[in-house]
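Report on the following structure.
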Amino acid sequence: MKVRHLNCGTMSAIPGLSLVCHVLLVETDNGLVLVDTGFGLRDCADPSRIGPTRYVIRPALAPNETAARQIKSMGLRTEDVRHIVVTHFDMDHIGGIADFPDASIHVTADEAYGAMRNPSRAERIRYRSVQWSHGPRIVEHRPAGEAWRGFPAAQSLDEIDPGIVLIPMTGHSRGHAGVAVDAGTHWVLHAGDAFYHRGVVDGRSAVPRGLRLQDRITVFDRKRLQDNHNRLAELYARAEPDLLIVCAHDPEMLAQARART
Ligand SMILES: [Zn+2]
């Protein structure tokens, strides 16, 4: 499948460091698929949708960065986006779902529970129900079966395409997941916010202090987040030629992914 790497939301959470919202646009036999959305046109028009956190993460909210505008500028149709797979429901990942009202939203059942059904106090702050108030079709998944490159459970989303796999990576949030996409010559593993900076997995680059702090503030389960860091670092160290690991917010990883494709 053809995979494009988009930035759907520049953020200036940390002085001197610009973050991106790395979104995958996938062309399948079953229409277009997005992995995460970043911010959307409605967020740009009304930043209060993001809540007070916007003063911390400081998103640019530029309409031209939204997935909807970028898809149109490529000559593609937003109506052809039939499925959106989200790593989790944080505001910087699902703001754009409202721009694709007919798309089904795929998420883990645990994430849907924490965001939509029974949020804790902390979850009520991090999630913004206004971003799904348009009433999209939510498809909940409980990956339990097959293992995927060291992760104990994964699920091919056959309803969309067997080359799209949901991989639970609980820790950052209650039901956070990675999404692997078969790009033909290689797989892209979008690890969402399982880590914020390439230094966590490559063991070489220094992780900015502000990002380490952010990691600790936003975490739902620290032990499991650490387990994910270890597993992803292990996978990265193996340097498998048919695997590209990216996360949501590292601009350098976005640039590397674009260079590869
Ligand atoms: Zn995020």
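The values are calculated or read from the model by the stated rules, or taken from the named source; none is laboratory data. All values reported here derive from a predicted model rather than from experimental measurement. With ideal geometry, Cβ positions are generated from the backbone for all residues, glycine too; neighbour counts draw on all protein chains shown.
Some points to look at:
- Matching residues in the stretch 179-195 - criterion: being touching a Leu at 6+ places or on another chain (Cβ under 9 Å) and either closer than 18 Å to ARG238 by Cα or modelled with pLDDT under 95 (or both): ALA180, HIS186, TRP187, VAL188, LEU189, HIS190, ALA191, PHE195
- Verdict on GLY51 being free of Cβ contacts under 8 Å to residues at least 12 places away in the same chain and either away from the ligand (no atom under 13 Å from the Cβ) or of a type in the set (A, V, I, L, M) (or both): no
- Scanning the stretch 89-145 for residues that are more than 14 Å from the chain's Cα centre (by Cα) and part of a helix (DSSP H, G or I) yields a total of 20.
- Scanning the stretch 2-48 for residues that are within 15 Å of the ligand (Cβ to nearest atom) and over 13 Å from the mean Cα position of the chain (by Cα) yields THR10, MET11, SER12, ALA13, ILE14, LEU17, SER18, LEU19, GLY40, ASP43.
- Selection within the stretch 158-170 - in contact with a helix residue (DSSP H, G or I) (Cβ under 6 Å, 6 or more places away or on another chain) and either among the hydroxyl-bearing types (Ser, Thr, Tyr) or away from the ligand (no atom under 16 Å from the Cβ) (or both): THR170
- Qualifying residue in the stretch 118-133 (condition: surrounded by 15 or more Cβ atoms within 10 Å (Cβ to Cβ) and farther than 25 Å from VAL56 by Cα): no
- Residues (within 16 Å of the ligand (Cβ to nearest atom) and out of contact with any Pro (no Cβ under 8 Å at 6 or more places or on another chain)) located in the stretch 192-209: GLY192, ASP193, ALA194, PHE195, TYR196, ARG198, VAL200, VAL207, PRO208
- Qualifying residue in the stretch 185-194 (condition: surrounded by 18 or more Cβ atoms within 10 Å (Cβ to Cβ) and in contact with a Phe, Trp or Tyr (Cβ under 8 Å, 6 or more places away or on another chain)): no
- Just one of the listed residues (SER73, SER173) is under 18 Å from VAL23 (Cβ atoms), of a type in the set (Ser, Thr, Tyr) and within 16 Å of the ligand (Cβ to nearest atom), namely SER173.
- Residue match in the stretch 181-191 (condition: within 20 Å of PHE89 (Cβ to Cβ) and within 14 Å of the ligand (Cβ to nearest atom)): yes
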